[in-house]
């Protein structure tokens, strides 16, 4: 999976239809706008791909958006009519203190039969200046309603997948006006969605993605020791108010000592992002719970004699001493008392 889109979808993704409405101007009535010819297709397609992270919201049974998207996908209403209904509902729910901008409804195809994707985007206006030339002179022209590549310009975003006239329960949704990954109340109400995964679950997935990345990249960690590297990666993230995929990559790079070799850096980034994808955290930014980044990783060793030692990593060099003597590895464990001392069930041993 590449965020919300599958690899096959992203490869064939094409924006095919578009409706735009102005929203947020106080006192102005809603005026339905006709479908327009798709313009700047690459600009908007790339914006949609970059915004569409893993789906952590799902439709509720009371969603008004889901049935409209399904009717559009099934062809029981026209794209133009569906786009107008979606825009009118958004205009009605749009709070007065929100900035005005443009509400886009886009239909996308992915080269797959019986499948439509719908992107809903609230795009803020930005004032820009265009440099042009007239009569041999440079002229600056102000453009008030400009749409820019800056990610902050996309204030509200949602992608819905409709297959065979039925919308997937899970959607990709984001809201720049609220602490990620939550949505403002009015946007969540408009979409009719709720969180599919809690912060606790996201935090557990994040902790495992970090741990697995350090393990997978052991060969690049100082002295090939993953316990201290994991602690270093977590410490690097503790100061972050919210943690993004880029932050995790930087933390793993920090744990590896920021290698100068570009090939190694590429391997570290690729493997880390792969683990984030496997945990369905691609392009998900959130504030993990306090315990996730606590520096208490557990470390273990297993010897050729089938002896296994497991201990908190911070005890290495304290109550657990590792040394080498005559080519042999020696572990010394010192404690004031034992809290457990028993036996385990026999396990079948692999035959040589």
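The values are calculated or read from the model by the stated rules, or taken from the named source; none is laboratory data. None of the values given here were measured: they were computed from a predicted structure. No Cβ is skipped: glycine too gets one built from the backbone with ideal geometry, and neighbour counts run over all protein chains shown.
Structure summary
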read-out	value
Filtered residue count, the range 313-332, keeping only those that are touching a helix residue (DSSP H, G or I) at 6+ places or on another chain (Cβ under 9 Å) and either outside any helix (DSSP H, G or I) or more than 23 Å from residue 223 (Cβ to Cβ) (or both)	1
Subset of the range 251-302 (residues that are assigned to a strand (DSSP E or B) and under 28 Å from residue 176 (Cβ atoms))	286
Residues being buried (at least 19 other Cβ atoms within 10 Å of the Cβ) and touching a strand residue (DSSP E or B) at 6+ places or on another chain (Cβ under 7 Å) - total across the range 194-205	1
Residue within the range 211-224 that is in contact with a strand residue (DSSP E or B) (Cβ under 8 Å, 6 or more places away or on another chain), surrounded by 14 or more Cβ atoms within 10 Å (Cβ to Cβ) and not assigned by TED's automatic domain parsing to the domain that holds residue 54 present	no
Residues of the range 14-73 satisfying the condition of being under 27 Å from the mean Cα position of the chain (by Cα) and assigned to a loop (DSSP other than H, G, I, E, B)	40, 52, 53, 54, 55, 56, 60, 61, 62, 63, 64
Selection status of residue 242, more than 27 Å from residue 320 (Cα to Cα) and at pLDDT below 90	yes
Some residue of the range 138-147 being more than 18 Å from residue 94 (Cβ to Cβ), in the same structural domain as residue 13 (by TED's automatic domain parsing) and at pLDDT 60 or above	no
Every residue from the range 178-193 that is within 16 Å of residue 241 (Cβ to Cβ) and either touching a strand residue (DSSP E or B) at 6+ places or on another chain (Cβ under 6 Å) or assigned to a helix (DSSP H, G or I) (or both)	180, 181
In the range 253-296, the residues that are within 19 Å of residue 225 (Cβ to Cβ) and in contact with a strand residue (DSSP E or B) (Cβ under 9 Å, 6 or more places away or on another chain)	296
All positions within the range 226-250 that are assigned to a helix (DSSP H, G or I), out of contact with any helix residue (DSSP H, G or I) (no Cβ under 8 Å at 6 or more places or on another chain) and over 22 Å from residue 280 (Cβ atoms)	235
The range 194-208: number of residues that are modelled with pLDDT of 90 or more and within 13 Å of residue 243 (Cα to Cα)	5
Search result, residues across the range 34-48 that are buried (at least 16 other Cβ atoms within 10 Å of the Cβ) and either at pLDDT 90 or above or outside the structural domain of residue 116 (by TED's automatic domain parsing) (or both)	35, 45, 48
Residue 131 vs. criteria at pLDDT 95 or above, assigned by TED's automatic domain parsing to the domain that holds residue 159 and either farther than 16 Å from residue 164 by Cβ or buried (at least 17 other Cβ atoms within 10 Å of the Cβ) (or both)	no
Any hit, the range 274-291, residues being within 28 Å of residue 48 (Cβ to Cβ) and without any contact (Cβ under 8 Å) to a residue 40 or more places away in the chain	yes
Residue 222 being more than 29 Å from residue 174 (Cα to Cα) and at pLDDT below 90	no
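Results for (1) within 21 Å of the chain's Cα centre (by Cα); (2) at pLDDT 90 or above, shown as yes or no for each residue.
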{"residue": "251", "(1), (2)": "yes, yes"}
{"residue": "257", "(1), (2)": "no, yes"}
{"residue": "272", "(1), (2)": "yes, yes"}
{"residue": "308", "(1), (2)": "no, no"}
{"residue": "314", "(1), (2)": "no, no"}
{"residue": "346", "(1), (2)": "no, no"}
